[in-house]
Structures are given as C-alpha cells and as structure tokens.
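Notes to accompany the following structure.
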Amino acid sequence: MPGSGSDVSTVEGMTDLGVITRGHVLAATAECDRLGTEQFLSHYGYGRAREYLLVLNDRDYDSKAIVGVAHRYAAGRALDSEEFSGGRSGAAKLLRDLGFDVSGPDDSGHFGADDDEPWREAADLDLEEARVAWARAARDSLADVARGYRAVITYKELAALVQERTRIRTSQLPQHWLGDVLARVAVECAERQEPNLSSLCVNALGSVGEGYAVAVGKATGEVPEDGDLHAADQRLECYRFHKAVRLPEDGGTASLTPRLAASRARARKVAREAVPVNTCPTCFMAIPATGVCDNCG
C-alpha cells in the first residue's frame, strides 16, 4: 500500500529495502532536485540508470540512486550501489510497490519479459532459448556491476538475478548451466572487442574458478595460465570501459578480490614455513646462501 514500507525481497545476500516508505523516496527526490542530478549521483557514488527510471512530476530520476539515498532517510545510512539490486526485483519493484511510476524495459522486451509475465520453466523450453535469454540478461547485469569500481557479483547472486530478469527459472544448480552462460558473455565481449564482463563473476572464495580460463580460451583462442590474474586485469578494463563510479583519477589498479588475495597470501606463508632450513651440523645455526657457516667457517 502506498505510504507504507514495502515487502520487497532482494537477491539473497543483499540489503533488505523494506524499511523504505514513500515519504523516504520523496525526500530523496527532493534532495536530488536541490543538488542537481549529476552532483547527486556523484556525491553518493552512483552511475546513471540504464533502464529503470522513476517518473515523478514530469521528471525522470535514476531509480537505484533514489532508493539508495531513500535508505539514508529511513535508516540513517545511504546504500552503496553494490548492496542491492536496481532491477525488477530490487529498486524498481520497491518503487512500484510504493505506488510510483517506474519505466522499465521497452515493448521489444529487452529481457524477454515484464514484471507481470508469469514464470516459465527452463525444462519446458528449448535449451538454446533459455541459455540465450540468460546470457543477454547476464551481460546487462554484469555491465551494471562494472559501473562500481572494484565491484563483483557471486555466481549465486548472478544466477538468481538472470532468472529474475528473464522470468525463466530452473531447478538445476548454477554449476550445471551458469558456466555456459558466462562463456557466451565472454565470446560476445571478444566479438565486440570489449573487456570480458564474465571476469566480474566470482565464487564464494572470490575466485573466478577453473571454468573462467576455459571460457577465455573459447572466446580468444588463448587459455590464461592464471585465470584469476587474467580476470583481475579484465575487471579493471571493465571498470574503465563502463566508467565506474569512484574510479581513481589515475585509472585504478588491477587486483584480486580481497578474499582471494588473503587466501593466496596465507598459502605463500605456509609454503615458506614448510621449506626446511639448512643448518650447520656442528653449531646448528642456519647456513647463509654462501653455503658456508658464519660460525664454523
């Protein structure tokens, strides 16, 4: 009911938007009017909306940014773009549930569905039809992720998001179909001569996984020796290409995800500690690189 909090559910692991009311949204739009759109977006670290726009009093507002700032009026803290979905199951749904007019995909069906379309089961469709639709939605979703510097999305989150955006769902676990979808994204990026958006999708450990290198090989003909280092370089190019918010003036640096970087650092430490120390049989002191004991000669 307009004027009360929404029961919108977001992608698992993302912020609950249900504390936001219609009044909080109106406060955010008023702040946007005062600051101007560009300053408003820059101040809160948001990019321009690509599809969903809040239409109010003959003005268009970037729906995800408005919801993120509305959270500040509701709970005392503005949300970062990576904390919630801006699509049909996130910001757009919240605003519509609160009685606002929100533009969405056009009549050509950018994602092959609209908010009122019932779910379809992938098992009832031709396999290629489902995979093509999911790949298109994955590409658009990953482009959204690329607009936040150092942002990534997990396999689990992306699997849920592409099913929601296409309204095509499956009971199969993501590991049985998402790899093919990401490979299709990688191939299309290579054909367009654009950075590989599939590099933005990682597992729970922060790694792109073994399938990433295979997908790169399929897309470019060259299999990287270290998939995660290759993905780090590609992520940086994605952030630059898609003009990510908070991108440093110097263009940023390539990096592993924090969790993976910490894991590799621990592994290196363990490996160093496992190397036996060459000691002098007489005094038992460590022998330096010269091979001659400093004590015994």
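The values are calculated or read from the model by the stated rules, or taken from the named source; none is laboratory data. Predicted model only: the values in this text are computed from it and were never measured. FYI the Cβ positions are ideal-geometry reconstructions off the backbone, even for glycines, and counts take in every protein chain you see.
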field: Test: Leu182 is at pLDDT 95 or above and part of a helix (DSSP H, G or I)
entry: yes
- line: In the set Arg150, Arg165, Arg139, the lone residue that is among the basic types (Lys, Arg), touching a residue at least 24 places away in the same chain (Cβ under 8 Å), under 23 Å from Gly86 (Cα atoms) and outside any helix (DSSP H, G or I) is Arg150
field: Only one of Val187, Val214, Val208 that is touching a strand residue (DSSP E or B) at 6+ places or on another chain (Cβ under 9 Å), within 27 Å of Lys156 (Cβ to Cβ) and assigned by TED's automatic domain parsing to the domain that holds Leu161
entry: Val208
task: Sort through Val270, Val245, Val277 and tell me the only one that's under 16 Å from the mean Cα position of the chain (by Cα) and of a type in the set (Val, Ile, Thr).
output: Val245
query: Can we say Tyr239 is touching a helix residue (DSSP H, G or I) at 6+ places or on another chain (Cβ under 8 Å), aromatic (Phe, Trp, Tyr) and closer than 23 Å to Val145 by Cβ?
result: no
message: Out of everything in the range 212-226 that is in a helix (DSSP H, G or I) and out of contact with any Ser or Thr (no Cβ under 9 Å at 6 or more places or on another chain), what residue ends up being surrounded by the most Cβ atoms within 10 Å (Cβ to Cβ)?
response: Ala213
- prompt: Out of (1) touching a strand residue (DSSP E or B) at 6+ places or on another chain (Cβ under 7 Å); (2) in a helix (DSSP H, G or I), the odd one out for Ala271 is which?
  reply: (1)
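To keep it simple, each residue is scored yes or no on (1) outside the structural domain of Leu200 (by TED's automatic domain parsing); (2) in contact with a helix residue (DSSP H, G or I) (Cβ under 6 Å, 6 or more places away or on another chain); (3) of a type outside the set (A, V, I, L, M, F, W, C).
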| site | (1), (2), (3) |
| --- | --- |
| Arg139 | no, yes, yes |
| Leu142 | no, yes, no |
| Ile153 | no, yes, no |
| Ala159 | no, yes, no |
| Val162 | no, yes, no |
| Arg167 | no, no, yes |
| Gln172 | no, no, yes |
| Gln175 | no, no, yes |
- request: Count, please, the residues in the range 73-94 that happen to be over 18 Å from Gly47 (Cβ atoms) and at pLDDT 85 or above.
  value: 7
query: Which condition number in (1) of a type in the set (A, V, I, L, M); (2) modelled with pLDDT under 95; (3) surrounded by fewer than 18 Cβ atoms within 10 Å (Cβ to Cβ); (4) out of contact with any Leu (no Cβ under 7 Å at 6 or more places or on another chain) is the one that Ala190 fails?
result: (2)
field: Conditions (1) farther than 21 Å from Phe84 by Cα; (2) not in a helix (DSSP H, G or I): number failed by Ala123
entry: (2)
message: Take the conditions surrounded by fewer than 19 Cβ atoms within 10 Å (Cβ to Cβ), outside any strand (DSSP E or B), more than 15 Å from the chain's Cα centre (by Cα) and not aromatic (Phe, Trp, Tyr) and apply them to Ser207. Does it pass?
response: no
query: Does any residue of the range 234-250 turn out to be in the same structural domain as Ala186 (by TED's automatic domain parsing), outside any strand (DSSP E or B) and farther than 30 Å from Asp80 by Cα?
result: no
